[in-house]
Amino acid sequence: MAAVAAAADLSLIAYGDQVAGCERCALAKTRTQVVFGSGSPTADLMFVGEAPGFHEDKQGVPFVGAAGQLLSKLLAGIGMSRDDVYIGNTLKCRPPGNRDPQPEEIQACESHLFRQIELIQPKLVATLGNFATKLLSGRPNGITQVHGRPQQVTLGGNEVTLYPIFHPAAALYTPRMLAVLEEDFRRIPELLGRSLEIPQPEPEPIQAPLAQPVQLGLF
Ligand code: URA
């Protein structure tokens, strides 16, 4: 298993090196760097977001800003961490001013995502928001309509379960949306064929009983 993981890691690193110089669309002129993806190269669960933002473009890692922090918290809520999953995006380069991805950019970038999925071979691909959902489902239905509804699709030559959920950025300031996202996250372990491991709060440190003052009886 370790050998399989090492080989998968090498193939993914090699592909990432190749994509680092991509000039397939105009975003190559404005980006700081390509944000390829991060996490386990053999993850059963892969998240696909929209596109890097300001912080991701600077650091070269997806979901490191406020939406990324919420994603990490949602994962922790189901007993998982970023190291257990793979995180990528529909676009690998930041659109200027964080504007929406354009159809020609999505088209230029899509084979990078399909190749990533082919190399990682996840069982479950959770699409975050409209852009990833529409691209990977091949359907025009928006996220409000399809969130929380798993569907079987063939991606990167493999049968995978596609699980559309809201983008964490949409839940940052809207408690109602956060509740929906949390609810949809709670189904992830079951979709992976695992039981939900709700993290237990750290036990309170045990306080040693205060030492009784020693009566020396000297006076
Ligand atoms: N939003 C995304 O969709 N992707 C990121 O990497 C960061 C924020």
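Since every read-out is calculated from the coordinates, none of them should be taken as a lab result. Because the structure is a prediction, the values reported are computed rather than measured. Methodologically, a virtual Cβ is constructed for each residue, glycine included, from the backbone with ideal geometry; neighbour enumeration extends over all protein chains shown.
Taking Cα centroids, how far is the stretch 50-66 from the stretch 79-118 in Å?
What the calculation gives is 11 Å, centre to centre.
Taking only Cα atoms, what is the 0 to 90° angle, nearest 10, from helix 175-186's long axis to the longest principal axis of the chain?
Tilt relative to the chain: about 90 degrees.
Can you work out the FRET efficiency for the pair N98 and E159, with r the C-beta to C-beta distance and R0 = 30 Å, to the nearest 0.05?
Details: r = 34 Å, r/R0 = 1.13.
After rounding to 0.05, the efficiency reads 0.30.
Using only Cα atoms and rounding to the nearest 10 degrees, what angle (0 to 90) does helix 2-19 make with the longest principal axis of the chain?
50
At a Förster radius of 22 Å, what calculated FRET efficiency corresponds to the Cβ-Cβ distance of R176 and K73, to the nearest 0.05?
Efficiency at R0 = 22 Å is approximately 0.80.
Only loop residues by DSSP count here, and only those with at most 13 other Cβ atoms within 10 Å; note down the GluC sites (Glu not before Pro) in the stretch 1-63 that meet that.
Values: sites: E23, E50, E56; in loops: E23, E50.
Sites meeting the loop and neighbour criteria: E23.
State the antiparallel share, in %, of DSSP beta bridges confined to the stretch 2-191, rounding to the nearest 5.
35
Would you kindly state how much longer the chain becomes between E110 and R139 on full extension, computed as 0.36 nm times their sequence separation minus their alpha carbon distance, in nm to one decimal? Kindly include the intermediate steps, with their values, before the conclusion.
Details: separation 29, 0.36 × 29 = 10.44 nm, distance 1.49 nm.
Length gained between E110 and R139: 9.0 nm.
Could you tell me the convex hull volume per residue, in Å³, taken over the Cα atoms of the chain? Intermediate results must be reported in sequence, preceding the final value.
On the way: hull volume 44.7 nm³, N = 219.
So the per-residue Cα hull volume is 204 Å³.
Could you state the angle between the C-alpha long axis of helix 103-120 and the longest principal axis of the C-alpha atoms of the chain, as a value from 0 to 90 degrees rounded to the nearest 10?
60
For the chain, give the magnitude of the charge dipole about the Cα centre (Cβ charges: +1 Lys/Arg, -1 Asp/Glu; no others), in debye to the nearest 20.
Its charge dipole is roughly 460 debye.
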